[in-house]
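Reading through the structure tokens given below for one structure.
The values are calculated or read from the model by the stated rules, or taken from the named source; none is laboratory data. It should be emphasised that the depicted structure is a prediction, and the values quoted were computed from it without experimental measurement. Glycine also receives a Cβ, built like all others from the backbone with ideal geometry; neighbour counts cover every protein chain displayed. In case anyone asks, the SASA skips ligands and DNA or RNA and just uses the protein heavy atoms, side chains included. Shrake-Rupley method; radii C 1.70, N 1.55, O 1.52, S 1.80 Å.
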Amino acid sequence: MKPDMFIVILAGVIHASLQLGIGALLLLYHASLGKHVRKKTRELVTNYILGNALLTGLAVAAMCFVIDLIFQGPMNPAMLTIVAIILAALAVSVWTFYYRWGKSTELWLPKSIAKYIDRRAKITDSNTEAFGLGMLACFAEAPFTFVLVTVVANSIISLPEALQILALIIYTALSVLPFIILRLAVRRGETTVDIQRWRVKNKTFLRVISGIGFFVLALFILAFKVIKG
């Protein structure tokens, strides 16, 4: 496997391990199942996933254009070194404050933003609103995903043209994979309460895995794109 394609896949897995999007989707599920028939809830969830996926894909495509415009191709080793340092710093951030301490899955978000997302999830009644909520959740996670998007865009530019669209699809699909798994779990009969309990129980595991992912990605970029590349 080409190093650039490995970077795309690893970054997609790290993106998938972040919890803001899945938390917002759980809020939407919890509110919708109490007000609507299941068919309506499924439509809302589908549009939430599409909104999140669209913004993710557009962000990567836009970053490809920006990087190519500025660097006339992939980023130089000096810039990639800075990116790797930021990824390592994000690893530490995930380990220390991504989750608030305590027996909950409350995240780093300022209280005002968290309350706004919670309120939007509870009042979402149309497919358009659900689509917008998916985009909002994607945007709110940007402090942790912006560098991932940058790394992925740089790797996509480095790939042959025949693989670039495939790499974009793979990253976008991986980023929303937890939402699809959640949807399948609910269809199998799992409740939102059961899923939330699992998230609380495995919070430490999720924190460690996400942090390790950021750190491994930083080392991989240094090894294969800076030193070797």
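For the reader, a short list of remarks on this structure follows.
- Inclusion of Ile113 among residues that are within 16 Å of Pro143 (Cα to Cα) and open to solvent by 40 Å² or more (accessible area, probe 1.4 Å) is warranted.
- Of the residues making up the stretch 145-156, none is open to solvent by 30 Å² or more (accessible area, probe 1.4 Å), touching a residue at least 60 places away in the same chain (Cβ under 8 Å) and of a type in the set (Val, Ile, Thr).
- Of all residue pairs spaced 6 or more apart or on separate chains, those with beta-carbon atoms under 8 Å, a first member in the stretch 1-14 that is over 15 Å from Pro74 (Cβ atoms) and a second member that is surrounded by fewer than 22 Cβ atoms within 10 Å (Cβ to Cβ) and β-branched (Val, Ile, Thr) are Ile9/Ile170; Leu10/Val216; Gly12/Ile170.
- Any chance Thr128 is β-branched (Val, Ile, Thr), out of contact with any helix residue (DSSP H, G or I) (no Cβ under 7 Å at 6 or more places or on another chain), exposed (fewer than 12 other Cβ atoms within 10 Å of the Cβ) and part of a helix (DSSP H, G or I): yes
- Residue check, Gln164 farther than 23 Å from Glu43 by Cβ, open to solvent by 40 Å² or more (accessible area, probe 1.4 Å), part of a helix (DSSP H, G or I) and of a type outside the set (Gly, Ala, Ser): yes
- All helices (runs of 4 or more DSSP H) inside the stretch 1-104 with 3 or more residues being open to solvent by 50 Å² or more (accessible area, probe 1.4 Å), of a type in the set (Gly, Ala, Ser) and over 15 Å from Ala137 (Cβ atoms): none
- Candidates Phe215, Phe224, Phe205, Phe179, filtered to the one that is open to solvent by 30 Å² or more (accessible area, probe 1.4 Å) and at pLDDT 95 or above: Phe215
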